[in-house]
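This report concerns only the one structure given below.
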Amino acid sequence: MLNMRELVRREFTVDVSLQEAWERLSKVETWPSWAKHIKHVTLHPPGPLTTQSAGTFRLVGGARSTFRMEVYEPPVRWQWVGRFLTVDVHYDHRFQVVDEQHTLLTWIVNAEGKGVASLGRVFGAIYARNLDKAIPILRAQMRSTP
């Protein structure tokens, strides 16, 4: 991969089993309930993620972000790719058992392409800020919702 650069990495634990974490997060259409920067999700095909999944996030403020599945290894990893101007952005979602009721999530955002040094830095800063707001809401939601 040309000029691949890591923009964001977040590791955090959720208080549910690996299988439950996978099942909940693979329902991408529910993400606006905890990721407040996402206004709406359109997923094709609708429902839980598959190897064929592709979709669009409608973001607060009107911007759109599209993605398509790139790696699909249930229940331990998926990665999708989308475009930000001249940069391909790879969103890696990893799931690891801590114990029967806890799962370590590692989310990594890598980017490549012309302009990754400048555009990547801006995109990474915005994305990191959004994730840092969303992760506590997701963790609380997983704790409180059976």
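Any idea what the dipole of the chain comes to, in debye rounded to 20, about its Cα centre with Lys/Arg Cβ at +1 and Asp/Glu Cβ at -1?
In debye, rounded to 20, the chain gives about 700.
Relative contact order for the stretch 5-144 using alpha-carbon pairs under 8 Å, separation at least 6, rounded to a whole percent?
31 percent
Just rank His102, His37, fewest to most, by other beta-carbon atoms within 10 angstrom.
His102, His37
What is the fewest-to-most order of Leu25, Leu131, Leu105 by other Cβ atoms lying within 10 Å of their Cβ?
Arranged by neighbour count, lowest to highest, Leu25, Leu131, Leu105 become Leu131, Leu105, Leu25.
Can you tell me which of Arg58, Arg129, Arg77 moves the most in a GNM of the chain? Springs connect C-alpha atoms under 10 Å apart.
Evaluated over the chain, the most mobile residue of the options is Arg129.
What number of lysine-lysine pairs in the chain show an alpha-carbon separation below 24 angstrom, given a sequence spacing of 8 or more or placement on distinct chains?
5
What length, rounded to one decimal in nm, is gained on full extension from His102 through to Ser144, with 0.36 nm per residue of separation minus their alpha-carbon distance?
13.7 nm
Quick one: grab Rg to one decimal and Dmax as a whole number for the chain, Cα atoms only, in Å.
Radius of gyration, then largest Cα-Cα span, for the chain: 14.8, 45 Å.
Each reported figure results from applying straightforward, stated rules to the coordinates on display, with no laboratory input. Here the structure is a predicted model, which is why all the values come from computation and not from measurement. Glycine gets a Cβ as well: all are built from the backbone with ideal geometry, and neighbour counts include every protein chain shown.
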